[in-house]
1. Taking region A:27-42, which residues are within 15 Å of the chain's Cα centre (by Cα) and either closer than 16 Å to residue A:107 by Cβ or not aromatic (Phe, Trp, Tyr) (or both)?
2. Give just the number: which of (1) closer than 27 Å to residue A:39 by Cα; (2) among the small types (Gly, Ala, Ser); (3) away from every other protein chain (no Cβ under 11 Å) does residue B:53 not satisfy?
3. Out of B:1, B:9, B:98, report the one residue that is in a loop (DSSP other than H, G, I, E, B), more than 30 Å from residue A:6 (Cα to Cα) and either in contact (Cβ under 8 Å) with a residue 60 or more places away in the chain or out of contact with any helix residue (DSSP H, G or I) (no Cβ under 7 Å at 6 or more places or on another chain) (or both).
4. Mind checking which residues of region B:68-113 are among the basic types (Lys, Arg) and buried (at least 17 other Cβ atoms within 10 Å of the Cβ)?
5. Mind listing whichever residues of region A:1-22 are modelled with pLDDT of 95 or more, out of contact with any Cys (no Cβ under 6 Å at 6 or more places or on another chain) and not in a loop (DSSP other than H, G, I, E, B)?
6. So which strands (runs of 3 or more DSSP E) are wholly in region A:23-103 and hold at least 2 residues that are within 13 Å of another protein chain (Cβ to nearest Cβ) and buried (at least 19 other Cβ atoms within 10 Å of the Cβ)?
7. From A:49, A:113, which residue is in contact with a Phe, Trp or Tyr (Cβ under 8 Å, 6 or more places away or on another chain) and touching a residue at least 40 places away in the same chain (Cβ under 8 Å)?
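The values are calculated or read from the model by the stated rules, or taken from the named source; none is laboratory data. Just so it is clear, the structure is predicted and the values come from calculations on it, not from any experiment. Every residue, glycine as well, gets a Cβ built from its backbone with ideal geometry; the counts of neighbours run over all protein chains shown.
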Amino acid sequence: GAVVSQHPSRVICKSGTSVKIECRSLDFQATTMFWYRQFPKKSLMLMATSNEGSKATYEQGVEKDKFLINHASLTLSTLTVTSAHPEDSSFYICSALGPNRGRYETQYFGPGTRLLVL
Amino acid sequence: GNSVTQMEGPVTLSEEAFLTINCTYTATGYPSLFWYVQYPGEGLQLLLKATKADDKGSNKGFEATYRKETTSFHLEKGSVQVSDSAVYFCALSSNQAGTALIFGKGTTLSVSS
C-alpha cells in the first residue's frame with residue numbers, strides 16, 4: 001500500500017514551452033504533498049508544500065509563477081514548469097503524506113520525473 | 001533551523017566490506033530520523049527509521065541507532081553487496097504535522113565484486 005506515482009517519468013521539451021508533471025497517490029488520500037527538486041550530486045531541495053483545496057506554500061527562492069502547483073483533488077497534485085529554460089532541467093520528485101497522519105506520519109515518494117529542456 | 005549533515009562521498013568498497021556512512025543532525029525538540037536509498041534511475045525508498053533516542057532502525061542488513069547525545073544516526077552494514085550500490089540519504093522530520101523531511105546531501109556508495 002501507500003504507492004505514489006509520477007507521470008511522465010521522463011520528458012524533453014523545447015525552451016519556452018510549459019511542462020506539466022502529475023503526482024498521484026494511488027491507494028490513499030493525500031491532503032498534503034510535497035515537490036522536491038534534485039540537482040546532480042546534490043540533495044533534494046524542497047520547492048513547495050501542496051495542500052488540497054488551497055494555495056501551495058513555496059520555499060524561499062522558488063518562483064511561484066514559474067512553478068505552478070495545483071492540488072485539486074485528494075489524490076492528485078500537478079507541477080507545471082512554465083516557459084521552461086535549460087536551467088530548469090532537473091529531476092523532480094513528489095511525495096505524499098501517508099494515510100496515518102499525526103506526529104509520526106510517513107512520507108511516500110514518487111519515482112521522479114527527469115526534465116530536460118533543450 | 002533544523003539540518004542534516006552526512007559524509008561526502010563517493011564511498012567505494014569491495015563486496016563483503018563493512019560500511020559506515022556518518023550522519024549528524026541539528027534540531028530542536030524530538031525529531032524522527034530516516035535513511036532513504038535511491039538506486040540508479042529510481043525514486044527514493046525508505047530504508048529504515050527511528051523515532052526516539054536510542055531506537056535502532058534496521059532493514060536488509062543495514063542498521064542505524066538514534067544517538068541524542070552525539071546527535072548522530074550513522075548507517076552501518078556488516079557486509080555490503082554489489083546490489084547495495086546506490087545513493088543514501090539521511091533525513092530528519094521535526095514531527096510537526098504536515099511538514100516536509102529535511103535531507104542531507106546524499107552519499108554515493110559503489111560496491112565492486
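1. Within region A:27-42, the subset within 15 Å of the chain's Cα centre (by Cα) is A:30-39.
Within region A:27-42, A:30, A:31, A:32, A:33, A:34, A:35, A:36, A:37, A:38 qualify.
2. (1)
3. Values: B:9 fails: more than 30 Å from residue A:6 (Cα to Cα); B:98 fails: more than 30 Å from residue A:6 (Cα to Cα).
The unique qualifying residue is B:1.
4. Quick first cut of region B:68-113, residues among the basic types (Lys, Arg) only: B:68, B:77, B:105.
Result: B:77, B:105.
5. A:7, A:10, A:11, A:12, A:13, A:20, A:21, A:22
6. Values: elements: A:32-38, A:44-51, A:67-73, A:76-81, A:90-97.
So the answer is A:32-38, A:44-51, A:90-97.
7. Details: A:49 fails: touching a residue at least 40 places away in the same chain (Cβ under 8 Å).
Being in contact with a Phe, Trp or Tyr (Cβ under 8 Å, 6 or more places away or on another chain) and touching a residue at least 40 places away in the same chain (Cβ under 8 Å) holds for just one of A:49, A:113, which is A:113.
Okay, residues lined up against (1) out of contact with any helix residue (DSSP H, G or I) (no Cβ under 7 Å at 6 or more places or on another chain); (2) polar (S, T, N, Q); (3) without any contact (Cβ under 8 Å) to a residue 40 or more places away in the chain; (4) within 14 Å of chain A (Cβ to nearest Cβ):
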| residue | (1), (2), (3), (4) |
| --- | --- |
| B:18 | yes, no, no, no |
| B:23 | yes, no, no, yes |
| B:31 | yes, no, no, yes |
| B:69 | yes, no, yes, no |
